[in-house]
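What follows is a set of notes on a single structure, which appears directly below.
The values are calculated or read from the model by the stated rules, or taken from the named source; none is laboratory data. Quantities reported herein were computed from a predicted structural model and do not represent experimental measurements. When we count neighbours, we look across all protein chains shown, and the Cβ atoms used for this are built from the backbone with ideal geometry, even at glycine.
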Amino acid sequence: MPDAQAIAAQAARFGVADAVHPEDHIWNFVLGHPGFGSRAAAIEYYFADGAHSARHFLELIGPGGRGAVLEFAAGYGCVTRHLALARGFDLTACDIHDEAVGFLRRQLGVRAIASHTCPELFAATGCYGAVLALSFFSHMPLATWARWLVRLTLPLAVGGRLVFTTHGRHSRSHFADPDLPESGFWFQPTSEQSDLPVTEYGQTITTPEFVRAVLLTLPWVELEAWHEADWWAHQDTWVVRKRSHAPVRAVPPPRLGKAPRLWPRRMRP
Ligand SMILES: C[S@@+](CC[C@H](N)C(=O)[O-])C[C@H]1O[C@@H](n2cnc3c(N)ncnc32)[C@H](O)[C@@H]1O
């Protein structure tokens, strides 16, 4: 069956947009995977898996978690097209790739905003009932890992939830079973996304102890659930709930323009 026919059939089956971007890395990963017997089977998986992820997210946040929802690191909308159907959702998608942001807006018809490589310069200001970061922390280096966790909890409403996934202990087999360092943080500077520097986007495995320790430094959130090897049978799922407003100084403001004077003038050299 030609791709276009299989795509149309699967999109109709789920009632979602049938546009697929040629640079969609999830699409390219699935279509290039040797485990599918045919392209039609891979196309079916792409749509069914996106639907499954959207459904699972809805289950995790429950009926109370509707309203404004941010899908962070949405890529080219494998999951977004299904989330866009959810009742009571005011969905905003987001990605680092401008091309993806344009595609999400124009082809999938959702609100989409650009991200930033620097967590503190990501400009989301909404008051979200839920944020999803699927397969994002599984790629961040140590330099930004915890900062992204801070950044993605800040635009949550009190009572709102951040759902994110990590490569955990069960993901090791996907990376030739590396020994994890005592810190609980393992990073390999390789990736399928050749346009992103591998120092900013690679392969990351975190132990549950590491994630819990970082969460303890964010007193404005509480861990509600951890499901080991839950997503795709290997990524761990984390659900954190915002219990209070974060202190205003949690994220230092970007230093734009003239730097503040820290010393009385007479003390300066
Ligand atoms: C493994 S893909 C996951 C895509 C999507 N969440 C899914 O599961 O189908 C990781 C995504 O993170 C995005 N990404 C990488 N760095 C980012 C950043 N700083 N801000 C937002 N998105 C980023 C990539 O462009 C890519 O779409």
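Could you check, for region 13-32, whether at least one of its residues is surrounded by 18 or more Cβ atoms within 10 Å (Cβ to Cβ) and in contact with a His (Cβ under 7 Å, 6 or more places away or on another chain)? Checked against the condition, which is being surrounded by 18 or more Cβ atoms within 10 Å (Cβ to Cβ) and in contact with a His (Cβ under 7 Å, 6 or more places away or on another chain), region 13-32 yields at least one hit.
Any residue at all in region 155-168 that is within 13 Å of the ligand (Cβ to nearest atom), surrounded by fewer than 21 Cβ atoms within 10 Å (Cβ to Cβ) and closer than 19 Å to LEU134 by Cβ? Even if it seems obvious, please write down each step before you answer.
Taking region 155-168 first, the residues within 13 Å of the ligand (Cβ to nearest atom) are 163-167.
With the extra rule that they be surrounded by fewer than 21 Cβ atoms within 10 Å (Cβ to Cβ), the set shrinks to none.
Taking every residue of region 155-168 in turn, none turns out to be within 13 Å of the ligand (Cβ to nearest atom), surrounded by fewer than 21 Cβ atoms within 10 Å (Cβ to Cβ) and closer than 19 Å to LEU134 by Cβ.
Just one of (1) of a type in the set (A, V, I, L, M); (2) crowded, with 22+ Cβ neighbours inside 10 Å; (3) not in a loop (DSSP other than H, G, I, E, B) fails for VAL150. It is (2). Can you tell me which residue within region 72-84, out of those that are at negative phi and either within 6 Å of the ligand (Cβ to nearest atom) or assigned to a strand (DSSP E or B) (or both), is surrounded by the most Cβ atoms within 10 Å (Cβ to Cβ)? Out of the qualifying residues, it is ALA74. Checked against the criterion of being surrounded by fewer than 19 Cβ atoms within 10 Å (Cβ to Cβ) and modelled with pLDDT under 95, the candidates GLY184, GLY257 yield just one match: GLY257.
When each of ALA213, ALA229, ALA225, ALA233 is tested for being more than 12 Å from the ligand (Cβ to nearest atom) and touching a His at 6+ places or on another chain (Cβ under 7 Å), the lone residue that passes is ALA229. Here is a check on your reading of the model: is GLY202 of a type in the set (Gly, Ala, Ser), at pLDDT 95 or above, surrounded by 20 or more Cβ atoms within 10 Å (Cβ to Cβ) and closer than 25 Å to PHE57 by Cβ? Answer is no for this residue.
Identify all residues within region 85-116 that are part of a loop (DSSP other than H, G, I, E, B), within 14 Å of the ligand (Cβ to nearest atom) and touching a residue at least 60 places away in the same chain (Cβ under 8 Å); write none if there are none. Answer for region 85-116, where residues must be part of a loop (DSSP other than H, G, I, E, B), within 14 Å of the ligand (Cβ to nearest atom) and touching a residue at least 60 places away in the same chain (Cβ under 8 Å): ILE96, HIS97, LEU108. Of ARG55, ARG39, all but one fail to be over 25 Å from GLY126 (Cβ atoms), of a type in the set (Lys, Arg) and either at pLDDT 95 or above or touching a Leu at 6+ places or on another chain (Cβ under 7 Å) (or both); the exception is ARG39. Among the criteria (1) within 15 Å of the ligand (Cβ to nearest atom); (2) in a loop (DSSP other than H, G, I, E, B); (3) over 15 Å from CYS94 (Cβ atoms), the one GLU182 does not fulfil is (1).
Under the condition of being of a type in the set (Gly, Ala, Ser), out of contact with any Cys (no Cβ under 8 Å at 6 or more places or on another chain) and either assigned to a helix (DSSP H, G or I) or at positive phi (or both), the residues counted in region 12-71 number 12.
Candidates in region 117-147 are the residues that are in a helix (DSSP H, G or I), within 13 Å of the ligand (Cβ to nearest atom) and in contact with a Phe, Trp or Tyr (Cβ under 7 Å, 6 or more places away or on another chain); of these, the one that is nearest to TRP238 (Cα to Cα) is TRP145. On the stretch given as region 54-82, residues that are in contact (Cβ under 8 Å) with a residue 40 or more places away in the chain and closer than 17 Å to LEU108 by Cα total 12. Note on region 1-11: among residues that are assigned to a helix (DSSP H, G or I) and surrounded by fewer than 16 Cβ atoms within 10 Å (Cβ to Cβ), the one that is nearest to the ligand (Cβ to nearest atom) is ASP3.
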